[in-house]
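*Asks:* Below are the structure tokens for one structure; questions will follow.
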Amino acid sequence: MEKFDLHTHHERCGHASGVIEDYIEAAIRAGMTAIGISDHSPYFAREEDRYQPGIAMAKSEFPNYVAEVLRLKEKYQDRIEVLLGVESDYFPESVEIYRAAYAPYPFDYLIGSVHQTRGISIFNRNRWKQLDKSEYTAEKKLYYKLIAESANAGMFQVLGHIDAMKAYYPAFSDIRGAEEDIDEVLRAVAANDIALEINTSGSTKDVGGWYPSDAILERALHFGADVTFGSDAHIPERVGDDWEQVRSRLKEIGFKRWVYFRQKQKVVVPL
């Protein structure tokens with residue numbers, strides 16, 4: 001059975017533990033057949049070499065990151081497939097800057113993630129306290145609008161943790177009022193032949209569980225959107241976390257397959 005995890009981080013991003021090789025070794029111990037290395041992209045549109053060092057690597061470090069993954073891909077080729085990825089921020093005003101930054105490198109896949117709206121982190125616990133309840137739906141709609149744009153950008157193979165705004169505000173997982181916006185994301189995933197990530201790092205946040213919710217996954221199946229797996233591990237011990245449980249749940253929902261990416265081409269794995 002092919003077992004894969006496309007979403008892992010390491011010490012370069014400033015908020016994860018361990019080096020890349022630690023995650024590869026953890027993947028081997030977890031019985032993975034493929035492990036994706038996908039640390040946070042630098043802030044390519046900023047003047048500073050390393051803007052917000054606790055969140056992302058320096059621009060000057062990016063070539064070293066790619067070179068290390070490619071070296072380890074070769075070193076471990078007889079034990080596990082190492083895939084070169086990156087978790088890229090999606091800022092609509094900077095798409096072409098990011099696209100140009102990735103172009104020279106042989107990525108297997110890019111994860112597109114929206115981590116900010118209106119300049120505020122989606123993980124900011126206080127953002128909801130500043131809003132009147134009548135404004136909550138507008139915030140949801142803006143968030144999913146940005147994610148739909150990222151799906152249509154022609155740059156990403158995977159959409160990361162699409163309802164992660166619920167991490168420290170579990171009530172966000174209620175999709176009422178944003179159904180059409182979510183459906184637009186899912187239609188875009190299907191139309192662009194990319195994949196929606198089931199991300200198990202929700203278990204490390206207040207909300208618990210996974211991203212996205214079962215309600216969104218059921219809609220994804222309806223629209224024919226493919227799914228993939230990512231632990232979003234920031235410590236090696238979380239590589240492959242809940243893989244079997246996610247596989248079982250997807251089968252219960254009605255999915256017949258999930259996918260990963262090699263050289264930006266979809267690899268289909270029966271469930």
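The values are calculated or read from the model by the stated rules, or taken from the named source; none is laboratory data. Computed from a prediction, not measured in an experiment: that's the story for all the values here. Using ideal geometry, Cβ is built from the backbone for each residue, glycine included, and neighbour counts are taken over all protein chains shown. Ligands, DNA and RNA are stripped out before the accessible areas are found, and what is left, the full protein with its side chains, is counted by its heavy atoms. Shrake-Rupley method; radii C 1.70, N 1.55, O 1.52, S 1.80 Å.
*Asks:* Under the rule of at least 5 residues apart or a separate chain, name every residue whose amide H is placed under 5 Å from the amide H of residue 227.
*Replies:* 196, 259
*Asks:* 5 Å is the cut-off here: which amide hydrogens, built 1.01 Å from N in the peptide plane, fall below it relative to residue 117, excluding neighbours closer than 5 in sequence?
*Replies:* Placed amide hydrogens put 122 under 5 Å from residue 117.
*Asks:* Can I ask one more? How large, in percent, is the carbon and sulfur part of the accessible surface of the chain at a probe radius of 1.4 Å?
*Replies:* Here it works out to 48 percent.
*Asks:* For the range 178-271, what does the accessible surface come to per residue with a 1.4 Å probe? Please give it in Å².
*Replies:* Per-residue accessible area for the range 178-271 comes out at 41 Å².
*Asks:* What number comes out for the charge environment of residue 153, summing +1 per Lys or Arg and -1 per Asp or Glu over other residues with Cβ under 11 Å away?
*Replies:* In short, -1.
*Asks:* Okay, moving on. Summing +1 for each Lys or Arg and -1 for each Asp or Glu, what net charge is found among the other residues whose Cβ lies under 11 Å from the Cβ of residue 259?
*Replies:* So the surrounding residues net to -1.
*Asks:* Sticking with this structure for a sec: If we count every other residue with Cβ under 11 angstrom of residue 193's Cβ, Lys/Arg +1 and Asp/Glu -1, where does the sum land?
*Replies:* The answer is +1.
*Asks:* Could you name the lysines in cross-link range of residue 3, using Cα to Cα under 17 Å and dropping any fewer than eight places away on the same chain?
*Replies:* Those lysines meeting the cut-off are 73, 251, 256, 266.
*Asks:* Continuing with the same structure: Output ³J(HN,Hα) for the range 155-172: one whole-Hz value per residue in order, computed from phi by the Karplus curve 6.51 cos²θ - 1.76 cosθ + 1.60 with θ = phi - 60°, and x for Gly and Pro.
*Replies:* Working through the residues one at a time gives 10, 10, 9, 9, 9, x, 5, 6, 10, 5, 5, 7, 3, 10, 8, x, 4, 4 Hz.
*Asks:* Can you compute 3J(HN,Hα) from phi for each residue in the range 4-18, using the Karplus curve 6.51 cos²θ - 1.76 cosθ + 1.60 with θ = phi - 60°, rounded to whole Hz and x for Gly and Pro?
*Replies:* With coefficients 6.51, -1.76 and 1.60, one gets 9, 9, 8, 10, 9, 10, 7, 4, 4, 6, x, 9, 10, 10, x Hz.
*Asks:* Among the GluC sites (Glu not before Pro) within the range 1-84, which fall in a DSSP loop and have no more than 15 other Cβ atoms within 10 Å of their own Cβ?
*Replies:* Answer by residue number: 2, 47, 48.
*Asks:* Follow-up question, since we're still on this one. Stretch residue 11-residue 134 to full length: gain in nm at 0.36 nm per residue minus the Cα-Cα span?
*Replies:* The span from residue 11 to residue 134 would gain 40.3 nm if fully extended.
*Asks:* Solvent-accessible area per residue for the range 1-77 at a 1.4 Å probe radius, Å²?
*Replies:* 42
*Asks:* Run the 1.4 Å probe and let me know the accessible area of residue 97, rounded to the nearest 10 Å².
*Replies:* Residue 97 has an accessible surface of roughly 80 Å² with all protein chains in place.
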